[in-house]
Amino acid sequence: MRVMVIVKASPSSEAGEMPSEQLLTEMGQFNEELVEAGIMQAGDGLKPSSEGVRVHFSGSGRTVHDGPFAETKELIAGYWLWEVESMQEAIDWAKRCPNPMMEDSDIEIRPLFESADFGEELTPELREQENQLQTDIAMRAATVQTYLFFNGRCEEALEFYKTAVGAKIGMVMRFNESPEPMPQDMIPPGFEDKVMHCAFTIGQTTVMASDHPADVPQFGAFRLALTVPSRADADRVFDALAKGGKVDMPLSETFWSPHYGMLTDKFGIGWMVMVCGENSC
């Protein structure tokens, strides 16, 4: 489920008082934890209402009112968008948050509407329109990179590309350096020192690669690595790409991404769909 976590305004935030270095540091650390856990989708602080406006609607009329606005306790000073398993999980995370204000303050948690909440009024046509809009929005923040697979010759290939096209080698991680044990059926004897993941650039383009045995057919020679902002986006895009194709690895949590899966679409193109994680962006 998705929730908006609302930081309510206070006298100090409405006065435009800036947070201390200590609070900025603590909030930065909290946000890092949220991102690493795959919880945070977005978040920002808001300037005081004195710098905002309200647009009043009355029939066909529109009236603009300049801030500041009264009733500080009804205003907001910042927000997050979180994707959590339950309201209780959101509450647990909120309790870990540093006090965002200099004085006593409140954080409000509100679930976002999901398509299922609208019942039959959301017709199949409207549901399809909503899904397309969500996909279009997510794809604006998505990235696609080429991922190459070599049958134990990745390191040799890197040296070849350095000479042939001036490739610049970035990070290289070997199977024996993995933070989590790899399934034995994926790592044949002698592959411990092979490349589990690497990145290199040719000109302005970054390419990723790794070693995989030839007897693991679902990998193929290459795949397109699609990174999207949230688990909901990953679910939606993964299901859409898999129609008429086949799922090679269902979406699940890995040490490099909170939501990662592999599929082959109906045209035979392999995809890796993932949410940006600590070791995937």
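Every read-out reported here was derived from the displayed coordinates using simple, explicitly stated rules and does not represent laboratory data. Model, not experiment: these values are computed from the prediction. Cβ: placed from backbone, ideal geometry, glycine included. Neighbour counts: every protein chain shown.
Annotation: lysines with alpha-carbon distance below 26 angstrom to Lys246 (same-chain offsets under eight excluded): Lys266. Sorting the segments 162-168, 51-57 by their residues' average number of neighbouring beta-carbon atoms within 10 angstrom, most packed first, yields 162-168, 51-57. As a proxy for reagent exposure, ranking Ile187, Ile91 by other Cβ atoms within 10 Å from fewest up yields Ile91, Ile187.
Label-to-label distance, Leu133 versus Asp104, with points set 7 angstrom from Cα along the beta-carbon direction: 4.0 nm. In percent, rounded to a whole number, the relative contact order of region 2-112 is 50, using alpha-carbon pairs under 8 Å and six or more apart. If you plug the beta carbon distance of Val55 and Gln145 into 1/(1 + (r/R0)^6) with R0 = 35 Å, you get a FRET efficiency near 0.25.
Calculated [222 nm] ellipticity per residue, helices only, for the chain: -8000 deg cm²/dmol; basis is -39500 (n - 2.57) per DSSP H run with n ≥ 4, divided by all residues, nearest 500.
In summary, no helical segment of the chain meets the span-like criteria, namely a full DSSP H run, a Cα extent along the axis of 30 angstrom or more and a mean Kyte-Doolittle hydropathy of at least 1.6.
Just so you know, the Rg over Rh for region 141-275 is 0.96, from Cα atoms, with Rh as the Kirkwood radius. What the Cα convex hull of region 108-178 gives, in volume per residue, is 245 Å³. Taking other C-beta atoms within 10 angstrom as a stand-in for reagent exposure, Phe113, Phe238, Phe149 fall in the order Phe113, Phe149, Phe238, fewest first. Compactness of region 2-112, taken as the C-alpha radius of gyration over 2.2 N^0.38 Å, stands at 1.18.
Sequence gap at least 6, Cα distance under 8 Å: using those rules, report the relative contact order of region 114-238 to the nearest whole percent. Result for region 114-238 is 36 percent. Pairwise Cα distances in the chain exceed 35 Å in 36 percent of cases.
Multiplying the residue separation of Ala70 and Glu253 by 0.36 nm and removing their Cα-Cα distance gives an extension gain of 61.3 nm.
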